[in-house]
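Asks: Let me give you the structure first, and then I'll get to my questions.
The values are calculated or read from the model by the stated rules, or taken from the named source; none is laboratory data. Since this is a predicted model, take the numbers as computed values, not measurements. Here the Cβ positions follow ideal geometry from the backbone for every residue, glycine too, while neighbour counts run over all protein chains shown. Keep in mind that these areas ignore ligands, DNA and RNA; they rest on the heavy atoms of the full protein, side chains included. Shrake-Rupley method; radii C 1.70, N 1.55, O 1.52, S 1.80 Å.
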Amino acid sequence: MSYNIANLPPYEPQTIEAEAQAYWNENRSFEVDESSDRPKFYCLSMFPYPSGSLHVGHVRNYTIGDVISRYQRMLGKNVLQPIGWDAFGLPAENAAIAHQIPPAVWTDKNIAQMKQQLTSLGLGYDWSRELRTCDPDYYRWEQWLFLQLYKKGLAYRKEAIVNWDPIDQTVLANEQVVNGCGWRSGAPVERRAITQWFLKITAYADELLNDLDKLSGWPDQVRTMQRNWIGRSEGVSVLFALQDNPGEKIEVFTSRADTLFGVTYLAIAPEHPLAKQAASNNPALQAFIEETQHSSVSEAVRATTEKKGMATGLYAINPLSGRSVPVWVANYVLMSYGTGAVMAVPAHDTRDFEFATQYHLPIDWVIQPEATDTITTNTAFTEKGILVNSGDFSGLTSDNAIAQITEALDSTAQGKRCLQYRLRDWGISRQRYWGTPIPMIHCKDCGMVPVPEADLPVILPEAVDFQGIQSPLKQDLTFLQVTCPNCQQPAQRETDTFDTFMESSWYYARFASPDSHTRMLDDRADYWTPVDQYIGGIEHAVLHLLYARFLHKVLRDENLVSSDEPFTALLTQGMVLKDGSKMSKSKGNTVNPQALINQYGADTVRLFVMFAAPPEQSLEWSDAGVEGAYRFLKRVWQAVTTHVASLAHYPNWQTFLHQAHTEKQKALRYQLHHTIQKVTQDIGERKTFNTAIATIMELLNHWYKFTTETPQDYALSQEVLSAVVLMLSPIVPHITHALWLQLGHTNAIIDTPWPSVDSEALKQDALQWVIQINGKYRGRMTLPAQITEDEIKQAVLQEASLQQHIRNKTIRQWIFVPNKLINLVITP
RNA sequence: GCCGGGAUGGCGGAAUUGGUAGACGCGCCAGACUCAAAAUCUGGUAGUGGUGACACUGUGAGAGUUCGAUUCUCUCUUCCGGUACCA
């Protein structure tokens, strides 16, 4: 059959994408409420920081979310997919300094541009719920929540160490410290202790740890990272008394009490009070401590810098052995972790071993492997074993010794069984302008006084002159000067702002009731939360996702939500790379998605991003791959338009729908329903959109080889193409919107259910078996589906092509993998 | 340093529970159409040997378990993410 292809409508993405988007707008297709009787499905991609323009990572993130949302909608769910802006943050301040533009103005401009770009991608958002975290309507509730935490004693102040730029007189983020120096001034950074606000996330440590077991919809990888981050360890805190001043004790924590006889020195952090005390009459030590204060507070930097230490001249008494050991100051001990002091067991800890070797401190072996009595002395032995040289405890296993030593310390009040967490309380103060003001007032007489709830929000002034030296809030007297709510005397506002992770820790819940003006969240939040599917970058595996879990539990305890966890299922997407490395402006390897959308259309960009790699893996950008995606869409377009154009040749085709009679029809219909089955599993369960697309491509290749000659053939063609268009519709919603109508369907594809599998079509008369001999592939055999194992054996033994391998050999074993594979184990 | 993850043709990737390694796409090669080119269509494409059927080798490196390992275990190399003030 031939058609005049020149007369068929060409694929014009710009036209059909505008039409589809206009249809969704007019019908408010993505605006949802709670009145539906369908089950709810809340799908959320991590909201963007408005950095300026969309990058490919955004396109990937939001396309994945959109595909899942549209698929769930086709399954009959009441789907919420909202979007907003994580609008506070450091880049706005940097832009303000560089371009003399207020952070608020810069942010607004970026949001406008990125919103336009998101819209052009055809993402199915409920824009009526759009929020931005820099709006007082949003952050007032964050201030309110902070006040509730303060009332409960879960928000408190303490000293913490920051990077200080002595030239710019400003606190630096770790990212702003380059090779130990401030990125703008170039001055060596100093560590400085300042008083800051903290949230007591450690009060929820056990729940945050235990509830990870409930999160079966999360990747194991992320749960493991969070488990390790929380780092619960059981052990004992041991008190070492100072030799010259037994009233003063150094407290250390260990999970390896069995190694206590191997302690040969104590190490304390440079910021430890005892270090300062010892340095007061020791200029060399003073200089050493001073030197350690000139590096970033970042753990990655500290852990890779050379380990250095100096003796304090103090000695402490091991409470168990009575032995006197020196006390050292060491740069590898963190004041912010535990007590800021550790007992060092060089023989059984790698880091202590290196330090002891470097400074010629004693290394005493007290644990030996169970199997042997030999000890290698060129490396630390960190496993558990049998105790030696440990007084009455010698001969015990490590586990028994831990129990008995802990008991011995406990009974003499020289130690205490305790739990230790690696997790630290969440420091939420930032000495920055562009953030949520912390709703507190400093009063000379009353101390810290919370802003009364009736006075919220504390509004961040937006018209400011921003120089980047110190927060403009400190000069803004109308902001700064306030009357103490307690004593009515003049007082000052807190000028620190919140860590921006605060805003991103509860926005998902606010989307459910974005216009609630009397409460932080109303009942609608409990209808929509928890989020059924959350999607975002793997780089958020710990911090953001842990803080959000924490605040969700806080919201629960405020009776604002009833669930224990915010995100039922989590998909962590990989990075987008080009030429093997991360896209970045500095490398000059960025790709502008907008240019591609203009050139090929949104569907092509969406298809490429979903096809190039499974979502959890990193994605290698390829311009040629984009071209290939465009080519495929043109093929789909051509397939449908030529099919539709031939309609007149096959009257009454509808009589023959959903049937197959000839062999070629059965084969194509098998392929169709096999494809539906696989694509349903790939999109719905495995979330491997790349293999779903590949399978649809295969089906279309089969369709191209299928010649349409009868009304029956035409009916099957219609069934195949309708299913292809339906299965593609979550991924490429615009072209499928148009093709669905061309196929003669009268409803919009967005409101059409997902296709279902006809199990009748999957029945096969014969199956193909793989034949192996000694595990090696030796050919294939097609055998009837209904066949016994003995009949298979007979057929295999008679197969001519196998004779050269089995002649004169003894078959020792037959291995059957049902309907798939037969392996003959023969003597060689 | 520590925690987590990855490595498969020329390239992106597939192989879902230990069972045909390389689906699908890109690129390349050949052919068709064209005055020509582009676009499109058809066929081929891991390596080596062979006209061919086929044989051997092959999933970062090395060992192990198994009838059978890309998949499981151990050791190592290397790249990526996080490391608490980038988001």
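Asks: Could you list all residues from the stretch A:608-625 that are open to solvent by less than 40 Å² (accessible area, probe 1.4 Å) and at pLDDT 95 or above?
Replies: A:F608, A:V609, A:M610, A:A613, A:P614, A:P615
Asks: Please specify each residue of the stretch A:419-433 satisfying the condition of being open to solvent by 10 Å² or more (accessible area, probe 1.4 Å) and either over 29 Å from A:S237 (Cα atoms) or away from RNA strand B (no atom under 16 Å from the Cβ) (or both). Before you say what the answer is, go through the steps one by one.
Replies: Looking only at the stretch A:419-433, we keep the residues that are open to solvent by 10 Å² or more (accessible area, probe 1.4 Å), and these are A:419-425, A:427, A:430-432.
A:R430, A:Q431, A:R432, listed by residue number.
Asks: Tell me the residue from A:K634, A:K678, A:K664 that is part of a helix (DSSP H, G or I), within 10 Å of RNA strand B (Cβ to nearest atom) and touching a residue at least 40 places away in the same chain (Cβ under 8 Å), please. It would help to see each step written out before you state the result.
Replies: On the way: A:K678 fails: touching a residue at least 40 places away in the same chain (Cβ under 8 Å); A:K664 fails: within 10 Å of RNA strand B (Cβ to nearest atom).
The match here is A:K634.
Asks: Follow-up. Tell me whether the stretch A:363-370 contains one or more residues that are closer than 30 Å to A:S295 by Cβ and open to solvent by less than 70 Å² (accessible area, probe 1.4 Å). Break it down stepwise before answering.
Replies: Looking only at the stretch A:363-370, we keep the residues that are closer than 30 Å to A:S295 by Cβ, and these are A:363.
Adding the requirement that they be open to solvent by less than 70 Å² (accessible area, probe 1.4 Å) leaves A:363.
Yes, that holds for at least one residue.
Asks: Only one of (1) surrounded by fewer than 17 Cβ atoms within 10 Å (Cβ to Cβ); (2) not in a loop (DSSP other than H, G, I, E, B) fails for A:D515. Which number is that?
Replies: (2)
Asks: Scan the stretch A:13-41 for residues that are under 30 Å from A:G588 (Cβ atoms) and open to solvent by 20 Å² or more (accessible area, probe 1.4 Å) and jot them down.
Replies: Residue satisfying the conditions is A:Q14 alone.
Asks: Here is a follow-up. For the stretch A:681-695, which residues satisfy the criterion of being more than 8 Å from RNA strand B (Cβ to nearest atom) and part of a helix (DSSP H, G or I)? Please lay out each step first, then the result.
Replies: First, the residues of the stretch A:681-695 that are more than 8 Å from RNA strand B (Cβ to nearest atom): A:683-684, A:687, A:689, A:692.
Selection gives A:I683, A:G684, A:F689, A:A692.
Asks: Restricting to the stretch A:148-175, count the residues that are touching a Leu at 6+ places or on another chain (Cβ under 8 Å) and open to solvent by less than 20 Å² (accessible area, probe 1.4 Å).
Replies: Qualifying residue count, the stretch A:148-175: 5.
Asks: Spot the failing condition for A:E709; the list is (1) within 42 Å of the chain's Cα centre (by Cα); (2) over 16 Å from A:V636 (Cα atoms); (3) not β-branched (V, I, T), and only one is missed.
Replies: Failed condition: (1).
Asks: Does A:N281 fit the bill of being open to solvent by 60 Å² or more (accessible area, probe 1.4 Å) and under 25 Å from A:I317 (Cβ atoms)? Steps first, answer last, please.
Replies: Numbers: open to solvent by 60 Å² or more (accessible area, probe 1.4 Å): yes; under 25 Å from A:I317 (Cβ atoms): yes.
Yes, satisfied.
Residue-by-condition table, conditions (1) closer than 12 Å to A:A316 by Cα; (2) within 16 Å of RNA strand B (Cβ to nearest atom); (3) touching a helix residue (DSSP H, G or I) at 6+ places or on another chain (Cβ under 7 Å):
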| position | (1), (2), (3) |
| --- | --- |
| A:M225 | no, yes, no |
| A:G231 | no, yes, no |
| A:V236 | no, no, yes |
| A:L242 | yes, no, no |
| A:K249 | yes, no, no |
| A:F253 | no, yes, no |
| A:F261 | no, no, yes |
| A:L266 | yes, no, no |
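Asks: So, one more: Can you name every residue in the stretch A:297-322 that is within 16 Å of RNA strand B (Cβ to nearest atom) and either under 21 Å from A:S390 (Cα atoms) or in contact with a Lys or Arg (Cβ under 7 Å, 6 or more places away or on another chain) (or both)? Spell out how you get there, then give the answer.
Replies: Of all residues in the stretch A:297-322, those within 16 Å of RNA strand B (Cβ to nearest atom) come to A:297-309.
Selection gives A:V297 alone.
Asks: May I ask you to list the residues in the stretch A:682-719 that are within 13 Å of A:I731 (Cβ to Cβ) and of a type in the set (D, E, K, R)? If you could, list the steps in order and put the result at the bottom.
Replies: Pass one, the stretch A:682-719, residues within 13 Å of A:I731 (Cβ to Cβ): A:682-683, A:687-697.
Residues satisfying the conditions are A:D682, A:K687.
Asks: Out of A:L700, A:L672, which single residue is more than 12 Å from RNA strand B (Cβ to nearest atom), modelled with pLDDT of 95 or more and either closer than 25 Å to A:G536 by Cβ or not hydroxyl-bearing (S, T, Y) (or both)? Don't jump to the end; show me each part of the working.
Replies: Details: A:L700 fails: more than 12 Å from RNA strand B (Cβ to nearest atom).
After ruling out the rest, the residue left standing is A:L672.
Asks: Let me spell it out: the conditions are (1) over 31 Å from the mean Cα position of the chain (by Cα); (2) within 24 Å of A:D137 (Cβ to Cβ), and A:F550 meets all of them except one. Which number is the exception?
Replies: Single failed check for A:F550: (1).
Asks: Scan the stretch A:637-659 and tell me whether some residue there is within 9 Å of RNA strand B (Cβ to nearest atom), in contact (Cβ under 8 Å) with a residue 12 or more places away in the chain and open to solvent by 40 Å² or more (accessible area, probe 1.4 Å).
Replies: Yes, that holds for at least one residue.
Asks: I need a count of the residues in the stretch A:681-710 that are free of Cβ contacts under 8 Å to residues at least 40 places away in the same chain, open to solvent by less than 40 Å² (accessible area, probe 1.4 Å) and in contact with a Leu (Cβ under 7 Å, 6 or more places away or on another chain).
Replies: 2
Asks: Please work out which residue is surrounded by the fewest Cβ atoms within 10 Å (Cβ to Cβ), limiting yourself to the stretch A:522-557 and to residues that are more than 16 Å from RNA strand B (Cβ to nearest atom) and without any contact (Cβ under 8 Å) to a residue 60 or more places away in the chain. Working first, answer last.
Replies: First, pick out the residues of the stretch A:522-557 that are more than 16 Å from RNA strand B (Cβ to nearest atom): A:522-533, A:552-557.
Remaining after also requiring without any contact (Cβ under 8 Å) to a residue 60 or more places away in the chain: A:522-523, A:525-526, A:552, A:556-557.
Details: A:D522: 15, A:D523: 12, A:A525: 23, A:D526: 18, A:H552: 25, A:R556: 16, A:D557: 14.
So the residue we want is A:D523.
Asks: Restricting attention to the stretch A:143-165, does a residue exist that is within 16 Å of RNA strand B (Cβ to nearest atom), within 28 Å of the chain's Cα centre (by Cα) and closer than 30 Å to A:D33 by Cβ?
Replies: Scanning the stretch A:143-165, I find no residue that is within 16 Å of RNA strand B (Cβ to nearest atom), within 28 Å of the chain's Cα centre (by Cα) and closer than 30 Å to A:D33 by Cβ, so the answer is no.
Asks: May I pose another question? Which pairs turn up if I take residues in the stretch A:335-360 that are over 20 Å from A:T292 (Cα atoms) and look for partners that are open to solvent by 30 Å² or more (accessible area, probe 1.4 Å) and away from RNA strand B (no atom under 14 Å from the Cβ) with beta carbon separation below 6 Å, at least 6 apart in sequence or on another chain?
Replies: A:P346/A:I363; A:A347/A:I363; A:A347/A:D364; A:A347/A:W365; A:H348/A:F381
Asks: Being free of Cβ contacts under 8 Å to residues at least 12 places away in the same chain and of a type in the set (D, E, K, R) is the filter here; which residues of the stretch A:765-784 pass it?
Replies: Once the filter is applied, which keeps residues that are free of Cβ contacts under 8 Å to residues at least 12 places away in the same chain and of a type in the set (D, E, K, R), the stretch A:765-784 yields only A:K776.
Asks: Oh, and also: Could you list, in sequence order, all residues of the stretch A:199-224 that are surrounded by 19 or more Cβ atoms within 10 Å (Cβ to Cβ), of a type outside the set (A, V, I, L, M) and touching a strand residue (DSSP E or B) at 6+ places or on another chain (Cβ under 9 Å)?
Replies: Within the stretch A:199-224, just A:W218 meets the criteria.
Asks: Name every residue in the stretch A:576-597 that is closer than 12 Å to A:E620 by Cβ and either in contact (Cβ under 8 Å) with a residue 40 or more places away in the chain or within 11 Å of RNA strand B (Cβ to nearest atom) (or both), in order of residue number.
Replies: Our first condition is that a residue be closer than 12 Å to A:E620 by Cβ; within the stretch A:576-597, this holds for A:576-583, A:589, A:591.
The answer is A:V576, A:L577, A:K578, A:D579, A:G580, A:S581, A:K582, A:M583, A:V591.
Asks: Same structure again: Scan the stretch A:359-373 and give yes if some residue there is in contact with a Pro (Cβ under 9 Å, 6 or more places away or on another chain) and modelled with pLDDT under 90, otherwise no. Don't jump to the end; show me each part of the working.
Replies: Restricting attention to the stretch A:359-373, the residues satisfying the condition of being in contact with a Pro (Cβ under 9 Å, 6 or more places away or on another chain) are A:361-364.
So of that shortlist, the ones also modelled with pLDDT under 90 come out as none.
Looking for residues that are in contact with a Pro (Cβ under 9 Å, 6 or more places away or on another chain) and modelled with pLDDT under 90, one finds none in the stretch A:359-373, hence no.
Asks: If you don't mind, another one. Every residue in the stretch A:225-238 that is open to solvent by 60 Å² or more (accessible area, probe 1.4 Å) and under 17 Å from the mean Cα position of the chain (by Cα), please.
Replies: Passing the criteria: A:M225, A:R227, A:N228, A:W229.
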